[in-house]
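What follows is one structure encoded as structure tokens, with my remarks underneath.
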């Protein structure tokens, strides 16, 4: 699981609550801001998803699939979840 943000203290809070690491995501330049990424895996990611899922709107379906992914053994079912996640990440939203 990963969360990217330009406000590092928010990601450090996730790190305090769920472990993981905070690293530079984009060093920034004249066209983009410095951004950070918090990452965690396994049970810690599962716990973090469970804690934040009720507050997710746009990313809710991705969180649901992420939790489902963890419950599946390696194989074609997991591959289908990965494909669904890829499609969700490419979805464009209408105004």
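Relative to the dominant Cα principal axis of the chain, helix 76-90 is inclined by about 40°.
Over the stretch 56-95, what lengths in whole Å, largest first, do the semi-axes of the equivalent ellipsoid take, defined as the square roots of 5 times the eigenvalues of the alpha-carbon gyration tensor? Could the numbers behind the result be given before it?
Working: eigenvalues 94, 28, 3 Å².
One finds semi-axes of 22, 12, 4 Å for the stretch 56-95.
Each of 11, 87, 34 was scored by other Cβ atoms within 10 Å of its Cβ. Listed from fewest to most, they are 87, 34, 11. Counting only alpha carbon atoms, the long axis of helix 60-71 and the longest principal axis of the chain meet at about 60°. One entry in [x] 1.07; [y] 1.19; [z] 1.86 is Cα Rg over 2.2 N^0.38 Å calculated from the shown coordinates; its label is [y]. Counting only alpha carbon atoms, the long axis of helix 42-52 and the longest principal axis of the chain meet at about 80°.
Here, each number is a calculation from the coordinates, and none is a lab measurement. Here the structure is a predicted model, which is why all the values come from computation and not from measurement. Note that we place each Cβ from the backbone using ideal geometry, even for glycine, and neighbour counts take in every protein chain shown.
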